[in-house]
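Notes to accompany the following structure.
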Amino acid sequence: MKGVILCAGSGSRMRPFSLALPKPLLPVLNRPLLEHAMSALQAIGIEEIAVVINPLQQAEFEHVNAKILYQKKPLGIANAVAQTASFIGTDSFVLLLGDNLLLEPLSSLVQAAEGKSGAVLLQEVETPQDYGIARLENGRLVKLTEKPREPESNLAVVGAYLFTPAIFQAVQAISPSARGEFEITDAIQWLLEQGHEIGCGIAAKPCFDVGTVERWLSATRYLLQEHAGQVHIGTHVMLDRCRLIPPVLIADHCVLQDAVIGPNVSIQSGANLRSCTIRDSILLENVTLQDAHLAESIVGRHSEISGPQGKNATARGFLGDYSKLVLKQEGSEQS
């Protein structure tokens, strides 16, 4: 069995961060989303993995230890799958979306596909109109609809699939949807209508669509809280008069002085944090923070935030790479 991870999306809802890095390379718990997906495939014994990217992203993915394939135009998941036919050959394969973070072991997907032409992983969601939605009859998948106006259930496809090569006939048989994309839900529906049986597994553990900065924060917060009460500190980290409120993750080569960090904070390497407080936030590489309070925020690589000395001005929001933000108190002349 082989693995395929789709990473060709533009990531427009993750801007400004996706302007500098493709969305699947953004970190959750200081590991790229793509690395989480590859680990999930390797956990079920899959070593032959292909990553589908936009050709313009080639330089960013050069370090990835996988076969690189290309989707030249953003024509949907089914079109991206069509680009993998030569790599897959006659094998079955697991398909993952590169911006999804699945805590459910993929072994449940493999079990659901036994003796069938494939399987999908499902999870109950609160807004089914935003997802591909499944209808089950007596536990069997009978229909999939992409983002229905009137959903027939709240069971959504969460971005994990197992297919046999029969899927390649399906993706060639379907037409573009109203939004101009070749939908994987339409391809699966075509298989069902041709008499193929598609299994389904119901995820018991969370599956995150890390498609917006708010969901990125939520996924990070959830995973940090799985390690509630823990503080993880990397190597060559200097802590001076600091208070750490778990859960906190601090990577290598960071300097923290007179800081209160946590809860729910993930800090990448090279941070320089002085006279500040941070909670519920993600700091990417080489962030500098001085005299500021940060909450529910994401700060991009090599960015700087500073406030009036000794005042701890508050910042909340999303700051892209190589940015600089100077805070002031009301009535102050400082800018």
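The values are calculated or read from the model by the stated rules, or taken from the named source; none is laboratory data. Worth saying up front: this structure is predicted, and the values here are computed from it rather than measured. As a convention, Cβ positions derive from the backbone with ideal geometry for all residues, glycine included, and neighbour counts pool all protein chains shown.
Mind telling me which of the residues Ala166, Ala170 ends up being within 24 Å of Met1 (Cα to Cα) and in contact with a strand residue (DSSP E or B) (Cβ under 8 Å, 6 or more places away or on another chain)? If you could, list the steps in order and put the result at the bottom.
Working: Ala170 fails: in contact with a strand residue (DSSP E or B) (Cβ under 8 Å, 6 or more places away or on another chain).
The match here is Ala166.
Restricting to the stretch 59-106, count the residues that are of a type in the set (Asp, Glu) and in contact with a Phe, Trp or Tyr (Cβ under 6 Å, 6 or more places away or on another chain).
Here is the first cut: in the stretch 59-106, the ones of a type in the set (Asp, Glu) are 60, 62, 91, 99, 104.
Subset that is in contact with a Phe, Trp or Tyr (Cβ under 6 Å, 6 or more places away or on another chain): none.
Residues that pass the stated criteria total 0.
For the stretch 275-319, which positions are of a type in the set (Lys, Arg) and out of contact with any Asp or Glu (no Cβ under 6 Å at 6 or more places or on another chain)? Please lay out each step first, then the result.
If we filter the stretch 275-319 for residues that are of a type in the set (Lys, Arg), which is where we start, we get 279, 301, 311, 316.
Selection gives Arg279, Lys311.
Tell me whether the stretch 105-120 contains one or more residues that are closer than 27 Å to Leu223 by Cβ, touching a residue at least 12 places away in the same chain (Cβ under 8 Å), charged (D, E, K, R) and assigned by TED's automatic domain parsing to the domain that holds Leu192.
no
Listed here are the residues, each with its yes/no results for (1) in contact (Cβ under 8 Å) with a residue 60 or more places away in the chain; (2) part of a helix (DSSP H, G or I); (3) touching an Asp or Glu at 6+ places or on another chain (Cβ under 6 Å).
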residue: Ser10; (1), (2), (3): yes, no, no
residue: Arg13; (1), (2), (3): yes, yes, no
residue: Ser39; (1), (2), (3): no, yes, no
residue: Gln42; (1), (2), (3): no, yes, no
residue: Glu47; (1), (2), (3): no, no, no
residue: Ala50; (1), (2), (3): no, no, no
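Kindly indicate the residue of the stretch 203-254 that is among the β-branched types (Val, Ile, Thr) and touching a helix residue (DSSP H, G or I) at 6+ places or on another chain (Cβ under 8 Å) and also farthest from Glu114 (Cα to Cα) among those meeting that condition. Please lay out each step first, then the result.
Going residue by residue through the stretch 203-254, those that are among the β-branched types (Val, Ile, Thr) are 210, 212-213, 220, 231, 233, 235, 237, 245, 248, 250.
Those still in the list that are touching a helix residue (DSSP H, G or I) at 6+ places or on another chain (Cβ under 8 Å) too: 210, 212-213, 248.
On the way: Val210: 29, Thr212: 34, Val213: 37, Val248: 41 Å.
Result: Val248.
Ser218 - would you say it is in a helix (DSSP H, G or I) and surrounded by fewer than 20 Cβ atoms within 10 Å (Cβ to Cβ)?
It is true that Ser218 is in a helix (DSSP H, G or I) and surrounded by fewer than 20 Cβ atoms within 10 Å (Cβ to Cβ).
If a residue must be in contact with a strand residue (DSSP E or B) (Cβ under 7 Å, 6 or more places away or on another chain) and surrounded by fewer than 11 Cβ atoms within 10 Å (Cβ to Cβ), how many such residues does the stretch 46-73 contain?
Residues that pass the stated criteria total 1.
Restricting to the stretch 145-168, count the residues that are among the small types (Gly, Ala, Ser) and surrounded by 19 or more Cβ atoms within 10 Å (Cβ to Cβ).
Residues in the stretch 145-168 being among the small types (Gly, Ala, Ser) and surrounded by 19 or more Cβ atoms within 10 Å (Cβ to Cβ): 3 in total.
So is Pro176 in the same structural domain as Thr90 (by TED's automatic domain parsing), in contact (Cβ under 8 Å) with a residue 24 or more places away in the chain and closer than 29 Å to Gly300 by Cα or not?
Numbers: in the same structural domain as Thr90 (by TED's automatic domain parsing): yes; in contact (Cβ under 8 Å) with a residue 24 or more places away in the chain: yes; closer than 29 Å to Gly300 by Cα: no.
Answer is no for this residue.
Give the residue that is modelled with the lowest pLDDT, with candidates limited to residues of the stretch 225-265 that are among the hydrophobic types (A, V, I, L, M, F, W, C) and not in a strand (DSSP E or B). Steps first, please.
Within the stretch 225-265, the first condition is being among the hydrophobic types (A, V, I, L, M, F, W, C), and the residues that meet it are 228, 231, 233, 237-239, 242, 244-245, 248-251, 254-256, 259-261, 265.
Now restrict to residues that are not in a strand (DSSP E or B): 228, 237, 242, 245, 251, 254.
On the way: Ala228: 67, Val237: 96, Cys242: 97, Ile245: 95, Ala251: 96, Cys254: 97.
Per the criteria, the residue is Ala228.
Any residue at all in the stretch 144-166 that is touching a Leu at 6+ places or on another chain (Cβ under 7 Å) and assigned to a helix (DSSP H, G or I)?
Yes, the stretch 144-166 has at least one match.
What are the residues in the stretch 75-106 that are part of a loop (DSSP other than H, G, I, E, B), within 19 Å of the chain's Cα centre (by Cα) and either hydrophobic (A, V, I, L, M, F, W, C) or farther than 17 Å from Leu34 by Cα (or both), if any?
Applying the first criterion (part of a loop (DSSP other than H, G, I, E, B)) to the stretch 75-106 yields 75-76, 83-84, 89-92, 98-99, 103-106.
Retained after the next criterion (residues that are within 19 Å of the chain's Cα centre (by Cα)): 76, 98-99, 103-106.
Once the filter is applied, which keeps residues that are part of a loop (DSSP other than H, G, I, E, B), within 19 Å of the chain's Cα centre (by Cα) and either hydrophobic (A, V, I, L, M, F, W, C) or farther than 17 Å from Leu34 by Cα (or both), the stretch 75-106 yields Gly76, Leu103, Leu106.
If you go through the stretch 169-202 one residue at a time, how many are in a loop (DSSP other than H, G, I, E, B) and buried (at least 20 other Cβ atoms within 10 Å of the Cβ)? Before you say what the answer is, go through the steps one by one.
Within the stretch 169-202, the first condition is being in a loop (DSSP other than H, G, I, E, B), and the residues that meet it are 174-183, 194-198.
Now restrict to residues that are buried (at least 20 other Cβ atoms within 10 Å of the Cβ): 182-183, 198.
Total meeting the criteria: 3.
Under 7 Å between Cβ atoms, which residue pairs at least 6 apart in sequence (or on different chains) link something in the stretch 77-98 that is free of Cβ contacts under 8 Å to residues at least 60 places away in the same chain with a partner that is not in a helix (DSSP H, G or I)?
Gln83/Val52; Gln83/Leu69; Gln83/Tyr70; Gln83/Gln71
Collect the residues in the stretch 262-280 that are in contact (Cβ under 8 Å) with a residue 40 or more places away in the chain and farther than 12 Å from Ile250 by Cβ, keeping them in residue-number order.
Residues satisfying the conditions are Asn264, Asp280.
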